[in-house]
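Engineer: Have a look at the structure that comes next, please.
Derivation of every value follows stated rules applied to the coordinates shown; laboratory data play no part. Just so you know, these numbers come straight off a predicted model, no measurement behind them. So basically every Cβ, Gly included, is an ideal-geometry build from the backbone, and we count neighbours across all protein chains shown.
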Amino acid sequence: MTNERRLPDGRVELVSTTRVEASPIYNEDLAPVPIARRNWSTYNYAALWISMAHCIPTYMLASGLMASGMNWSQALITILLGNTIVLVPILLNSHPGTKYGIPFPVFARAAYGVLGSNVPALMRALVACGWFGIQAWIGGEALNTFFAAVIPGWNTLLGAGFGGHTTTAWLSFLLFWGLNIFIIYRGMDLLRHVENWAAPFVLVMTGVLLWWAISRANGLGPLLSHPGKFQTFAEFWPVFVPSLTAMIGFWATLSLNMPDFTRFGRSQREQVLGQVVALPTTMSLFAAMGVMITSATAIIYGESIWDPVQLVGKFSSPVVVAISMFTVVVATIAVNIAANVVSPANDFANAFPRFISFKTGGLITGILGILIQPWKLLADPSGYIFTWLLGYSGGLGSIAGVLVVDYWLIRRRELRLEDLYLVDGVYQGWNWRAIAATAFGCALAWGGLVIPALKPLYDYAWFVGFFASGAAHLALGARASTINAELAES
């Protein structure tokens, strides 16, 4: 028998954690949240998604599709469809967080084993490090543009620089990076205060930019009539498929680690409702603003400017530039820490629970975010969408397929909570079947990078990884089925 208490609504908590607390794979950051502390409501989850979606990468996601040749309707349909699809695995993997109060890396222990869970956790963490770097570079660009507006000669103040960027641009990047690390070490309370007003502030300022774009482009008519490059379905489809996969890849990260947030949920209904209401609507609304503003730049400047920081940098008023860049800095800090630090910090802690705390994990995330060289990913829309988003979606889709199948079909939503924290429990060691299934999904999803005949599969990377790994794990799930039978008997 395990020391667990189950409420009528299905939520579970540990009654006694003496044995668990002595375990080498336990620490306070990974501990299950007691039911008394699970107090997130529908509003909290809706606000979380609104805050995370109102960010510059969302804007660049939509405007990048425009820059690749889509018209406004094609871009918005692609974004709405992609976010609706990815909402399904997000909700499926959110369930164990609310039921058991556990974060993503601990949830992954059920499918992969307490040691094997480091494979999906570290894969997810590396992607988050990349996103941290991307957001930090965007924030650094905003700081650099702000300084250029208020300090005469800023861009050449410290010399020509290197790598295609001035010395002051690199300095601005490091300043913004350091600000993120400072907030991590100060604690999450400071971040919560920022997020309370960051999202609506960003929305208002983007609305002002949209008003400017519409007025300069002589109304909505010219924006909505601006043609894309694709006149036939045959021309559109080869770009639509990888673009849709990239849209799913945008939130494929959160489709894995939503338990990091739903572990605080008061009920399954509230976390589901908050996410369903906020994610597709917020992403589509903010993306629509990006689409229309990018369409306007093609009319106003004769070229599609997909980076809003570069667009605002064209304004002549230092006050306008300063306010706009302050908005970008606030939004980017709030989103970066919420979306790109919480998960990898927990993931690194899962690998070395006795040596890595949340703060240390956050610092590791920041360092790896620099090493990934985000300035190269953001150099053009194709690198951001078709290299970064599309590329990693295959790996994360493969992990999601295993987690969904393992929890919903093999274990039928029943986990032994205490054993998730014990090296000698029923989830001990490595579940090589889950590792093999994940490797199979990744091989098919990424095979097109080296085998030309598999290139069409790479365009569907997330879908291929998700369904291939899920089917393989279901077929190889004999060990997990045996464990499930033991749970039913106990």
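Engineer: Relative to the longest principal axis of the C-alpha atoms of the chain, give the angle of the C-alpha long axis of helix 56-67, reported between 0 and 90° and rounded to the nearest 10°.
Structural biologist: 60
Engineer: Can you give the FRET efficiency to the nearest 0.05 for residue 115 and residue 218, using r as the Cβ-Cβ distance and R₀ = 56 Å?
Structural biologist: 0.35
Engineer: Report the net charge of residues surrounding residue 266, where surrounding means a beta-carbon distance below 15 angstrom and charges are Lys +1, Arg +1, Asp -1, Glu -1.
Structural biologist: That works out to +3.
Engineer: Taking a quarter of the surface of the convex hull around the Cα atoms of the chain, what do you get in nm²?
Structural biologist: 23.0
Engineer: Got a sec? Charge dipole of the stretch 36-399, +1 on Cβ for Lys and Arg, -1 for Asp and Glu; which of 171, 119, 205 is way out at the positive end?
Structural biologist: Positive-end residue among those listed: 119.
Engineer: When the dipole is taken about the Cα centre of the chain, and only Lys, Arg (+1) and Asp, Glu (-1) are charged at their Cβ, what size is it in debye, to the nearest 20?
Structural biologist: So the magnitude is around 320 debye.
Engineer: Could you list which residues have their amide H under 5 Å from that of residue 4, counting only those 5 or more apart in sequence or on another chain, with H placed in the peptide plane?
Structural biologist: It is 15, by chain and number.
Engineer: Now a separate question. Lys/Arg Cβ at +1, Asp/Glu Cβ at -1, dipole of the chain taken about the Cα centre: which of 473, 349, 427 is farthest positive-ward?
Structural biologist: Farthest along the dipole direction, towards plus: 427.
Engineer: Compute the length gained on full extension between residue 471 and residue 273: take 0.36 nm times their separation in residues and subtract their Cα-Cα distance, giving the result in nm to one decimal.
Structural biologist: Length gained between residue 471 and residue 273: 68.4 nm.
Engineer: Starting from the Cα-Cα distance between residue 352 and residue 150, subtract it from 0.36 nm times their residue separation and give me the gain in nm to one decimal.
Structural biologist: 68.2 nm
Engineer: Excluding residues on the same chain fewer than 8 positions from residue 99, give the lysines whose Cα lies under 27 Å from its Cα.
Structural biologist: Result set, ordered by chain and number: 359.
Engineer: Okay, moving on. Using Cα-only point scatterers and the Debye equation, what is log10 of I(q)/I(0) for the stretch 27-178 at each q in 0.13 Å⁻¹, rounded to two decimals?
Structural biologist: Treating every Cα as an identical point scatterer, log10 I(q)/I(0) equals -0.92.
Engineer: Highest mean first, how do 246-258, 174-186, 453-465, 102-114 rank when packing is the count of other Cβ atoms within 10 Å averaged over residues?
Structural biologist: Descending mean neighbour count gives 102-114, 246-258, 453-465, 174-186.
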